[in-house]
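Undergrad: Starting off with a structure, shown below.
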Amino acid sequence: MPIKAIIADREFYQSSTRPWLMKCTDGDYIVKFSNEITDKSLINEYVCGKLAKKIDMPVAEPQVIEIDQELIDVSNGLIERKVKAGKHYGTILIPDSTNVGKQIAQQMDIKKIVNANQVAGMIVFDTFVCNADRNADNSIIVPIDETREKYRYVLLDHGLCFGGGNWTIPQIENLPIAFSNIPWNISGITDESNFTAYIEKLKALEKKDFKEILDSVPKEWRMPELEVNALLTVLEKRDEEAILKLIKDNKQLFPNCKWI
């Protein structure tokens, strides 16, 4: 069920999508307006975020945000942006986050990052969805409490997965098995099981799991049925063992990892 926006606060930061900070019925969300995005990047974001959640990845989970005409009529910013009433894309606001490219993150002791061993899963996941845009700006660290003594990694932004926002059926039918950029500290990967745990989670997903995600994409976001079915087939038939082979063929990238 969509989450309803109740206050349009302000433009959150400058980027190509110019997301908006909005107060909603259950918290503050960063919202991207679906009527402004004409390619498949919004669908990519939604599908990948939901998929990441299914395999227990630390991700800003996507939600459908309902913006009604009454809110638009009293919000000059939304009027200027020509936002249309309907279903839009949002993720819950994560306060106090820091991009992993910042000096504080780069110099942080790995022992302070409570989910450092999940970096292996992040690499597996990005390879599975063929993420072309993983970088230090769309991965963050977040303090787990007010003491700011421990942090966790969180994933953001998956608009350029599956070959990008303008993918075609022939392109996704031939998605490569290749590493994306790896911006995280990999020293927390200490055992092959850090990888295989997420390989097994992906292998355990069935066609109905992928279909559930795709069926929940709002129809207003405009993906033809042929493309929905093609993406469903690609997700169902993705070769997890080939991902593991790629990782093992590049063991030198993970010097602290103990291999079986």
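Undergrad: Would you mind stating whether I141 is closer than 28 Å to I3 by Cβ and assigned by TED's automatic domain parsing to the domain that holds L226?
TA: For I141, the condition - closer than 28 Å to I3 by Cβ and assigned by TED's automatic domain parsing to the domain that holds L226 - is met.
Undergrad: Test of understanding: among A204, A197, which residue is buried (at least 17 other Cβ atoms within 10 Å of the Cβ), within 21 Å of the chain's Cα centre (by Cα) and among the small types (G, A, S)?
TA: The match here is A197.
Undergrad: So in region 49-71, with the set limited to residues that are over 15 Å from the mean Cα position of the chain (by Cα) and in contact (Cβ under 8 Å) with a residue 40 or more places away in the chain, which one is surrounded by the fewest Cβ atoms within 10 Å (Cβ to Cβ)?
TA: D68
Undergrad: Another question, then. Pull up region 223-244, narrow it to residues that are acidic (D, E) and surrounded by fewer than 19 Cβ atoms within 10 Å (Cβ to Cβ), then point me to the one that is nearest to I37 (Cα to Cα).
TA: Among those residues, the one meeting the criterion is E227.
Undergrad: Here's another thing I want to ask about it. In region 218-260, how many residues are of a type in the set (F, W, Y) and part of a loop (DSSP other than H, G, I, E, B)?
TA: Within region 218-260, residues that are of a type in the set (F, W, Y) and part of a loop (DSSP other than H, G, I, E, B) number 2.
Undergrad: Give the residues of region 6-28 that are touching a Leu at 6+ places or on another chain (Cβ under 6 Å) and of a type outside the set (D, E, K, R), sorted by residue number.
TA: A8, F12 - these are the residues of region 6-28 that are touching a Leu at 6+ places or on another chain (Cβ under 6 Å) and of a type outside the set (D, E, K, R).
Undergrad: I'm told D126 meets every condition in (1) crowded, with 16+ Cβ neighbours inside 10 Å; (2) modelled with pLDDT of 95 or more; (3) not assigned by TED's automatic domain parsing to the domain that holds E220 except one. Can you identify the failing condition by its number?
TA: Every listed condition holds for D126 apart from (3).
The values are calculated or read from the model by the stated rules, or taken from the named source; none is laboratory data. Just so we're clear, the structure is a prediction, and the values are computed from it rather than from any experiment. Quick reminder, even Gly has a Cβ in these numbers, built from the backbone with ideal geometry, and neighbours come from all protein chains shown.
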